[in-house]
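Trainee: Below you'll find the structure I mean.
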Amino acid sequence: MADTAPVIDYENLRKANEPFFDEYRRSFDALLESGWFILGGAVKRFEEEFARFNGSRHCIGVANGLDALILCLRALKFERGSEVIVPSNTYIATILSILQNDLVPVLVEPDIRTYNIDPAKVADAVTPRTRAVMVVHLYGKSCDMDPIMAAARTHGLAVIEDCAQSHGAMYKGKMTGTFGYGAFSFYPTKNLGCLGDGGAVTTDDDGFARSVRMLRNYGSEKKYYNEVVGYNSRLDEAQAGFLSVKLRHLDAITAHKRRLAQLYHDGLKDDFVKPAVHPDFFDVYHIYNVRHPKRDELKEHLLKNGIKTDIHYPVPPHRQKAMEGVLDGREFPISAEIHATTLSLPISYCHTEADVRRVIEVMNRF
Ligand SMILES: *Cc1c(COP(=O)(O)O)cnc(C)c1O
């Protein structure tokens, strides 16, 4: 069987996008005909649509997810050297956005059951210099927001949410990206992915929205009049058009991923640590991971049977070469444990239930 069964990719972006090709082509044709490529009708339309989808007053399209995080911090104008609390278990972009603003990342360990920042440890990390907590809704599961918002209120901290993996994920019926300032990525592999780079900031705060809107476009609201020192970080018209197409299908994409996750949940034997499930959390499964002490052997066993997997992530941020001399060299054992044992299974829009049944069958033979 190992020789004859077709290979199951971890992700296949051609296949995952194929159902939308006709709509993408119409959107691209409209772009060519319009002759307007930067900050025009398509960006404005997508911003309104995504704000409505997310239940936010404002959505500001930017160039990518990292810039969304950078501009959120920039708009908050913290004093140089202020501290920002951030999970030790995240993609490095979250931490880079803090460093790019000359702020100090203070890493806090995750809860090993949810992989997200441990709310009980947030308050312990607060010092007189702490100005914000940047949470990451990793793998498409919201953080435990009630205690985090309570700690933020107690200590007067701004809350920034890294929603790069959590489009449509909810906590107690409330969308991620509506608790604090939301920073989204539309990188092609994300649940709401475009056909290049893209990102957005969401907020209910009019003044903050205005700041981010200026910062993304040379600090300018009115052409050739520059009010603040800004950047060039605009979502372009082509990507905005593709995103409007994809957004119409996001609920179907999420439902598909949740169905596949349910198959894994019910079908995988208990030797694997599966993602926590709780009624307060509506998870969108950007990633479906399991943990196993023999992760590398498991990955090899799946590969031998034609099943490709991925690891999110093989090296934790605090052990990256780029962080030598930048972070203080502390160890983060929970984060390290997750990175050493986690394996991400196929769960894309391109996968069928039959694909997932085969992954389960091969997994359970391990
Ligand atoms: C993808 C990702 C980002 C960065 O998004 P880009 O659009 O690639 O800049 C930031 N944070 C997390 C958690 C991500 O997964």
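Trainee: Just list whichever of LYS190/LYS223; LYS172/LYS294; LYS15/LYS174; LYS190/LYS308; LYS15/LYS141 have alpha carbons separated by over 28 Å in the model shown.
Mentor: LYS190/LYS223; LYS172/LYS294; LYS15/LYS174
Trainee: Give, in whole angstrom and from largest to smallest, the semi-axes √(5λ) of the equivalent ellipsoid of the chain, with λ running over the eigenvalues of the Cα gyration tensor.
Mentor: Taking √(5λ) for each eigenvalue gives 33, 28, 17 Å, largest first.
Trainee: Follow-up. Given segment 13-73 reduced to its alpha-carbon atoms as identical point scatterers, what log10 I(q)/I(0) does the Debye formula return at q = 0.14, 0.17, 0.22 Å⁻¹?
Mentor: -0.57, -0.82, -1.09
Trainee: Give the whole-number value, in cubic angstrom per residue, of the convex hull volume spanned by the C-alpha atoms of segment 276-333.
Mentor: Taking the convex hull of the Cα positions in segment 276-333, it is 160 Å³ per residue.
Trainee: In sequence order, what are the phi-derived ³J(HN,Hα) couplings for segment 88-97 according to the Karplus relation 6.51 cos²θ - 1.76 cosθ + 1.60 with θ = phi - 60°, rounded to whole Hz, with x for glycine and proline?
Mentor: After applying 6.51 cos²θ - 1.76 cosθ + 1.60, I find 6, 9, 7, 6, 4, 3, 4, 6, 4, 4 Hz.
Trainee: Among DSSP beta bridges lying fully in the chain, give the percent that are antiparallel, nearest 5.
Mentor: Here the antiparallel bridges make up roughly 60 percent for the chain.
Trainee: In Å, the Kirkwood hydrodynamic radius of segment 176-222 over pairs of distinct alpha carbons?
Mentor: Radius from the Kirkwood sum: 11.8 Å.
Trainee: Using helices alone, what [θ] at 222 nm do you get for the chain, with -39,500 (n - 2.57) per DSSP H run of 4 or more residues, divided over all residues and rounded to the nearest 500?
Mentor: My calculation for the chain gives -12000 deg cm²/dmol from helical runs alone.
Trainee: A follow-up question, please. State the three equivalent ellipsoid semi-axes of segment 249-363, derived from the C-alpha gyration tensor as the square roots of 5 times its eigenvalues, in descending order and whole Å.
Mentor: Three semi-axes, in Å: 28, 18, 13.
Trainee: While we're looking at this one, here's another question. Neighbour counts of other C-beta atoms within 10 Å: give me SER27, SER34 arranged from fewest to most.
Mentor: Ascending number of Cβ neighbours within 10 Å: SER34, SER27.
Trainee: Here's something else I'd like to know. Would you mind putting 181-193, 319-331 in packing order, based on average other-beta-carbon counts within 10 Å, highest first?
Mentor: 181-193, 319-331
Trainee: Can you give the charge dipole size of segment 249-363 about its Cα centre, rounded to the nearest 20 debye, using +1 on the beta carbon of Lys and Arg and -1 on the beta carbon of Asp and Glu?
Mentor: Here the size comes out at about 240 debye.
Trainee: With viscosity set to 0.692 mPa s and temperature to 37 °C, compute the Stokes-Einstein D of segment 42-151, Rh being the Kirkwood radius across alpha carbon pairs; µm²/s, no decimals.
Mentor: In µm²/s, the coefficient is 219.
Any read-out appearing in this document is the output of simple, stated calculations on the displayed coordinates, not a laboratory observation. Only a predicted model underlies this, so the values are computations on that prediction, with no experimental measurement involved. Note: ideal-geometry Cβ built from the backbone for every residue, glycine included; neighbour counts use all protein chains shown.
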